[in-house]
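Quick notes on the structure that follows.
Every number here is computed from the coordinates shown, using simple stated rules; none is lab data. None of these values were measured; they are calculated from a predicted model. Glycine gets a Cβ as well: all are built from the backbone with ideal geometry, and neighbour counts include every protein chain shown.
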Amino acid sequence: MNQQSGFVVRAPLAEELSVLAEHEPPNSGIAASHFAAHLLGQVSFAVAWDGSKPLGYVVLDHESAAHRPELKHLFVYPQARRRGVAGSLCDWGERQARALKFSVIYLAVGLLNEPARNLYRARGFRSIGEIVQTSYEYPDSDGRLRLITEKDEFFLKSLSGPE
Ligand SMILES: CC(C)(COP(=O)(O)OP(=O)(O)OC[C@H]1O[C@@H](n2cnc3c(N)ncnc32)[C@H](O)[C@@H]1OP(=O)(O)O)[C@@H](O)C(=O)NCCC(=O)NCCS
């Protein structure tokens, strides 16, 4: 429980996927695909909840990422931003990585994504000097797939210090 804001970060239950889908473009199945990978043990998937209301989510990829473990897909719903939700989701990811005996944690952040870059820098993440261009299809608000190309920079944080 985040003492100041009163929300909790935990894995969703199968029956909660429909609530998460209400926050997604139609038929995109974003939470459902993260949940399926979570059940297979490839990733850990967690959602921040205010009671039964989801606020955002994050994935820790400890199997397939080039740099492991990698914090991925951090997203806070627009109406829940600037309340510390992303910070709590990152706290969860770092705790999860420690529990899995990793001593570092990676993530990739867009070169132009200042909100996220501020968040990660403030938490002690630093660039490893590796920039990758990624292209992926993402559904727009009508559910139509759009090809998105962006340049991401890898950041690293050591987990060996005190929490
Ligand atoms: C980036 C994002 C996850 C931040 O979520 P959030 O819950 O609003 O973040 P928090 O409230 O935990 O903010 C923590 C810190 O991050 C930084 N930050 C967050 N949003 C910011 C903004 N819009 N502008 C500047 N700094 C910002 C600040 O340092 C903030 O601390 P402060 O509020 O004390 O100033 C959210 O804006 C989001 O989901 N964006 C779209 C998806 C995305 O970019 N994900 C990251 C992929 S790498």
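At-a-glance table
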read-out	value
Percentage of interatomic Cα-Cα distances in the chain larger than 25 Å	30
Residues whose placed amide H lies under 5 Å from that of Glu130, excluding near-sequence neighbours	Phe154
Net charge contributed by nearby residues that have their C-beta within less than 11 Å of Arg146 (K/R +1, D/E -1)	-2
Value of [θ]222 nm, deg cm²/dmol, for the chain, DSSP H segments ≥ 4, -39500 (n - 2.57) each, nearest 500	-7000 deg cm²/dmol
Normalised contact order of the chain, rounded percent, pairs of Cα under 8 Å and 6 or more residues apart	19
Top of Ala99, Ala80, Ala37 by mean-square fluctuation, Gaussian network on the chain, Cα under 10 Å	Ala99
3J(HN,Hα) from dihedral phi, region 73-79, Karplus parametrisation 6.51/-1.76/1.60, rounded to Hz, x for glycine, proline	6, 4, 8, 10, 4, x, 6
Net charge of neighbours whose Cβ lies under 11 Å from the Cβ of Asn113, counting Lys and Arg as +1 and Asp and Glu as -1	-2
